[in-house]
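Undergrad: There's a structure below that I have some questions on.
The values are calculated or read from the model by the stated rules, or taken from the named source; none is laboratory data. Keep in mind it's a predicted model, so treat the numbers as computed, not measured. Here the Cβ is made from the backbone with ideal geometry for all residues, glycine too, and neighbour counts use every protein chain on show. When the accessible area is computed, the model is the full protein with side chains, heavy atoms only, and any ligands, DNA or RNA have been set aside. Shrake-Rupley method; radii C 1.70, N 1.55, O 1.52, S 1.80 Å.
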Amino acid sequence: MKIKLPAVALLALIVSGPAQAATLSEAEATFLDQLVTASAVLEQRCTGYEVDGAGSVQLGARLLGGPDAAMAMIDAYAAAIKAHDGESYDPGKFRPEVAESARRTFRRVRTDLIRNPKRACAGHGETSVARGLLRRY
């Protein structure tokens, strides 16, 4: 019997009560918000920006206490994106609270980027550059 991975993930979310009750720490929420904002800038193809992977890990390490914690949050965000897109992902890295928070932030930032692309690309893009998540090219 072949079960699709998204169905398994949904079942895991329904069954696991403690996972639903988990919340993000303030530092995790801050880093995730900044990470999602930078990814929205890239997703909307704001001109002149590219990812700064090392800078992202360094920022996360400062906020979360180390590079392993930063990579864990980046991996959790990547798993949330894959789950949303129906792609296979590592269920051990998926955190429902990360997926929910990322969804809300992405919608907010993307709406801003669509409504006023020039102003929002410059604002969100430069803020992400200043934080080290993106760099200009």
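Undergrad: Between the DSSP loop rule and a limit of at most 13 other Cβ atoms within 10 Å, which trypsin sites (Lys or Arg not before Pro) in the range 81-128 are left?
TA: Passing sites in the range 81-128 do not exist.
Undergrad: Roughly how many nanometres apart are two label points built 7 Å out from the Cα toward the Cβ at Glu26 and Asp68?
TA: About 2.5 nm, to one decimal.
Undergrad: Ok, one more. Once you have a ≥ b ≥ c as the square roots of the Cα gyration tensor eigenvalues for the range 76-137, tell me rounded if a/c is under 1.5, and otherwise prolate or oblate according to whether a/b is larger than b/c. Please list the in-between numbers first.
TA: Details: a/c = 2.67, a/b = 1.84, b/c = 1.45.
Prolate is the answer for the range 76-137, as a/c is 1.5 or above and a/b outweighs b/c.
Undergrad: Working out 0.36 nm times the residue gap between Gln58 and Ala122, then minus their Cα-Cα distance, what length gain in nm do you get to one decimal?
TA: 20.8 nm
Undergrad: For the residue pair Arg107 and Ala78, what label-to-label distance in nm results when each label sits 7 Å from Cα along the Cα-to-beta-carbon direction?
TA: 2.7 nm
Undergrad: Would you mind telling me the share, in percent, of accessible area of the range 34-137 contributed by carbon and sulfur at probe 1.4 angstrom?
TA: Values: 3010 of 5730 Å².
For the range 34-137, the apolar C and S fraction of the accessible surface comes to 53 percent.
Undergrad: If you don't mind, there's one more thing I want to ask. Evaluate the distance, in nm, between pseudo-label points positioned 7 Å from the Cα of Arg135 and of Glu43 along their respective Cα→Cβ axes.
TA: Placing both labels 7 Å along Cα→Cβ, they lie 2.4 nm apart.
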